[in-house]
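Reviewing the structure listed below.
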Amino acid sequence: MQVKIVENKSEAEELVLNIFKETLTKDNPVFGLATGSTPVGLYQKMKDSDLDFSNATSINLDEYVGLTKENDQSYHFFMNHNLFNDCKFKQNYLPDGSATDLFKECARYDQIIADNPIDVQILGIGENAHIGFNEPGTSFESTTHIVDLQQSTIEANSRFFDSIDDVPKQAVSMGISSIMSAKKIVLLAFGEKKAKAIFDTVKGEITEDVPASILQKHDDVLILIDKEAGKLL
Ligand code: GLP
């Protein structure tokens, strides 16, 4: 696990962009992408860059249950708005949170991941150290699954909704073992609110109570953080 403390978000985004540039030289590159406010600047830089993603595939981590792709709070909408409308990929995959049979949807998504091994996975991190929507207590063996969101996650994500009652209570998320199958993982975290999660992830015990702590076992992880997120290290 390599931890790099950057001066600002922009420096981290440039570093990721360089990793993407290298990944794009491969045949059929596959990018694992994340939602949340953390990667938005990276997506802007991707759009502004001259990198060509038209031969690349993207696979997103998660989606809320019950929101259609058109719903402006869905992660489909978020990705279209922040990236895909202006940065064209060969193929974009996200879980379908409005599927009538969610178990079948999880199996479909696992097959997509198996068929398109992820070259580089971008991660944000929740204040409780969740990755994707894998909340504390999630099995490290998990594949794509249906998640009951913790109250703290519902509260943290309510800032994107008109009211906390509008925040879905469930999500479909890639599992921890799906995330760990990526060849390279880059986790981004900025701001003091993430300091405890980063400390537990980097220095803490590897435990299912701290989902991101499993990253200590992956052999190609880069953690890019600012000083505030790294202040407890
Ligand atoms: C959500 C997403 C995560 C993301 C987290 C942090 O829960 N499912 O993938 O890492 O939010 O969001 P933010 O980047 O806004 O702090």
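Among the residues of segment 127-139, those identified as small (Gly, Ala, Ser) and farther than 16 Å from Ile185 by Cβ are Gly137, Ser139.
Every test in (1) under 16 Å from Phe31 (Cα atoms); (2) under 16 Å from the mean Cα position of the chain (by Cα) is passed by Gln91 save one, and that test is (2). Restricting the first member to segment 203-225 and to residues that are under 20 Å from Glu141 (Cβ atoms), and the second to residues that are open to solvent by 50 Å² or more (accessible area, probe 1.4 Å) and aliphatic (A, V, I, L, M), the beta-carbon pairs closer than 6 Å and six or more apart or on different chains are Ser213/Ile206; Gln216/Met1; Gln216/Ile206; Val221/Met1. Within segment 197-233, being within 16 Å of Gly126 (Cα to Cα), part of a strand (DSSP E or B) and open to solvent by 10 Å² or more (accessible area, probe 1.4 Å) holds for one residue alone: Asp226.
Out of segment 170-189, which residues are under 16 Å from the mean Cα position of the chain (by Cα) and either charged (D, E, K, R) or open to solvent by 30 Å² or more (accessible area, probe 1.4 Å) (or both)? Result: Ser177, Met180, Ser181, Lys183, Lys184. Against the numbered list (1) within 25 Å of Asp101 (Cα to Cα); (2) within 13 Å of the ligand (Cβ to nearest atom); (3) out of contact with any His (no Cβ under 7 Å at 6 or more places or on another chain); (4) polar (S, T, N, Q), Ser173 comes up short only at (3).
The values are calculated or read from the model by the stated rules, or taken from the named source; none is laboratory data. All values derive from a computational prediction rather than experimental measurement. When we count neighbours, we look across all protein chains shown, and the Cβ atoms used for this are built from the backbone with ideal geometry, even at glycine. Note: areas computed on protein heavy atoms with side chains; ligands, DNA, RNA excluded. Shrake-Rupley method; radii C 1.70, N 1.55, O 1.52, S 1.80 Å.
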